Amino acid sequence: MPIPGSGLAKGLAVTLRTMTKRSHTAQYPEVQPELPPRSRGVIGLFEENCTVCMLCARECPDWCIYIDSHKETLPASTPGGRERSRNVLDRFAIDFSLCMYCGICIEVCPFDALFWSPEFEYAETDIHELTHERDKLREWMWTVPAPPALDPAAEEPKELAAARKAVEKAEAAAAAAAAAAEADRVAGTPDSPGPSADGTPDTPAGGTA
């Protein structure tokens, strides 16, 4: 049978042990928290990469992404060519009162236009103000941390390897062309006049001694 008051004594013992330990409370907002580099705070938009393909809006399970666009006709780049049309982004907004931070929109974007930002200080007093337009999403884009460095033992990306080989090939061709031009210049240079047998310099034809 438990001793009466033993539970109270254990509770007081825990309280006393806690009182003697140093507090680990972060003094926010005076002290900013150290967040993991890939924290899911808000979503930043890199507008230049957006092609208005609508994949993010279609795949969003909460339907919290709103996109408006229009089409523009581009003139032909060459004589006799065909005109091209492209989608121009008019509006890109995310309602963070509905967003559940699943990251599906970022994963399905084929052109790397959406990124996670660790920014989290965007509370509002009105729920309607949690719908942020593309200007605000673009500002958050500059708070996105740089991607982690690749493993030194990892294989070089094919794009970088192809670009490096193209640069090396162009540099080798330029060096070969420069060497050939130098050889042609040396071969085409006339011999300079040398001294005669008696030590006096040769006089060019038609010249004076």
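The values are calculated or read from the model by the stated rules, or taken from the named source; none is laboratory data. Every value quoted in this text rests on a predicted model; they were computed, and no experiment measured them. Methodologically, a virtual Cβ is constructed for each residue, glycine included, from the backbone with ideal geometry; neighbour enumeration extends over all protein chains shown. Surface accessibility is based on the protein's heavy atoms, side chains included, excluding ligands, DNA and RNA. Shrake-Rupley method; radii C 1.70, N 1.55, O 1.52, S 1.80 Å.
Under the condition of being assigned to a loop (DSSP other than H, G, I, E, B) and of a type in the set (D, E, K, R), which residue from the range 68-112 is most open to solvent (accessible area, probe 1.4 Å)? Among those that are assigned to a loop (DSSP other than H, G, I, E, B) and of a type in the set (D, E, K, R), it is ARG82. Considering (1) under 30 Å from ASN49 (Cβ atoms); (2) modelled with pLDDT under 80; (3) touching a Pro at 6+ places or on another chain (Cβ under 8 Å), the lone condition that PRO201 does not fulfil carries the number (1). Being assigned to a loop (DSSP other than H, G, I, E, B) and farther than 24 Å from VAL144 by Cα is the filter here, so list the residues in the range 18-37 that pass it. The answer is THR20, LYS21, ARG22, SER23, HIS24, THR25, GLN27. Are there any pairs, at least 6 apart or on different chains, whose C-beta atoms fall under 8 Å, with the first in the range 96-108 and closer than 11 Å to ILE43 by Cβ and in contact (Cβ under 8 Å) with a residue 60 or more places away in the chain and the second open to solvent by 60 Å² or more (accessible area, probe 1.4 Å) and assigned to a helix (DSSP H, G or I), and if so, which? Note: pairs meeting the criteria are CYS105/GLU59. The conditions of being of a type in the set (S, T, N, Q), closer than 30 Å to SER97 by Cα, open to solvent by less than 100 Å² (accessible area, probe 1.4 Å) and out of contact with any Gly (no Cβ under 9 Å at 6 or more places or on another chain) are not met by THR125.
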